[in-house]
1. Within the set of pairs 6 or more residues apart or between chains, which connect a residue that is at positive phi inside the stretch 114-135 to a residue that is charged (D, E, K, R) with Cβ atoms less than 7 Å apart?
2. How about the stretch 101-160: which of its residues are under 26 Å from residue 177 (Cα atoms) and of a type in the set (Phe, Trp, Tyr)?
3. Just one of the numbered conditions (1) open to solvent by 50 Å² or more (accessible area, probe 1.4 Å); (2) of a type outside the set (A, V, I, L, M); (3) touching a helix residue (DSSP H, G or I) at 6+ places or on another chain (Cβ under 9 Å) is not true of residue 207; which one?
4. Could you count how many residues in the stretch 210-233 are surrounded by 15 or more Cβ atoms within 10 Å (Cβ to Cβ), of a type outside the set (A, V, I, L, M) and modelled with pLDDT of 90 or more?
5. Since residue 6 meets every condition but one in (1) within 19 Å of residue 149 (Cα to Cα); (2) at pLDDT 50 or above; (3) open to solvent by less than 20 Å² (accessible area, probe 1.4 Å), which condition does it not meet?
6. Restricting attention to the stretch 241-267, and to residues there that are in contact with a Pro (Cβ under 8 Å, 6 or more places away or on another chain) and open to solvent by 30 Å² or more (accessible area, probe 1.4 Å), which single residue is modelled with the lowest pLDDT?
7. Among the residues in the stretch 253-264, are any without any contact (Cβ under 8 Å) to a residue 12 or more places away in the chain and assigned to a strand (DSSP E or B)?
8. Scan the stretch 176-186 and tell me whether some residue there is open to solvent by less than 70 Å² (accessible area, probe 1.4 Å), within 30 Å of residue 125 (Cα to Cα) and in contact with a Phe, Trp or Tyr (Cβ under 9 Å, 6 or more places away or on another chain).
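The values are calculated or read from the model by the stated rules, or taken from the named source; none is laboratory data. None of these values were measured; they are calculated from a predicted model. For neighbour counting, all protein chains shown are included, and Cβ atoms are generated from backbone atoms with ideal geometry for every residue, glycine included. Note: accessible area is taken over every heavy atom of the protein model, side chains too, but ligands, DNA and RNA are not part of it. Shrake-Rupley method; radii C 1.70, N 1.55, O 1.52, S 1.80 Å.
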Amino acid sequence: MKRRKAMIFAVAGLLVLLTVLAGCTGKSGETEPEDIAVQIDTAALTYGELKEEAAIIARIQVTDELGEENSYQITDSELGTAGGFYGKRTAKVIEYFKDETGRDAPEISFIEPAAVIDGQYLHMDGYDSLTKGEEYVVFLNDDTVSGDMSVMGGNNGVVCLDGENTQFPEIAKKAIAEFIDKEKPAGQDYFNGRVIELKDGSVLVSCLDVTSGEVLEGDEVEVSLDVVAKRGAPKLAAGDEIRVVCTGVHRHGQELVQLDTVFAIYLLDEKGEPVA
């Protein structure tokens, strides 16, 4: 469900300048844009929410630089005053992980909450404009006034693969584990969960925040103990944290998820890693 407008439009009326750094001269002798961070009120999305609400999840390499030519100012039509800003970026798609557009385009364009306008580098507070040549995993949706794809919630929807992710490190860790490290067995999904009830031949599990498929954080899943793995299922107790490797996710309303096949169940250690 798309519940939030892209933050570039939420900036209207919220141009509260937090940080103004004086323009400085770079190595080339050219004056660099004045750095202005803008306070934009936005609620952070969980990893599960990002995956669910994104129209596109992709690994990309940015092919342009942010400048005056691809930066835009939003003007209030009634007052005739500036109400916001955005930059329109382009990138080569290395791999799609989700694409609701169905176009599978080799190159995409999208909006980010940053712009260079009249010698000023305007950006959402805490957000760093994407760098040409660097790789990212991006979560994009088209819930914008213009219908353009936009990064979700600033840094909330961007995972840098060539540097640190200091604002949302847990989301970066989960995205890299799922999409880049390729832990998921071919043709199978997995999720981490906590056992909340023991049943005859199965357990009821609440999905935690690591998941590679359609089982989402907070889902309650009925997990059969009749697993494909020859070693069988481990002995479980309420409160145990486990990883379930499975296929075939079926939803019964919003109440319960059931699985076609459970290939293996692993207990998790204190770091959340499967115990062999």
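1. 119/34
2. 110, 127, 136, 139
3. Condition not satisfied by residue 207: (1).
4. 3
5. The one condition residue 6 does not meet is (2).
6. Only one residue fits best here, namely 263.
7. Checking the stretch 253-264: not a single residue is without any contact (Cβ under 8 Å) to a residue 12 or more places away in the chain and assigned to a strand (DSSP E or B).
8. yes
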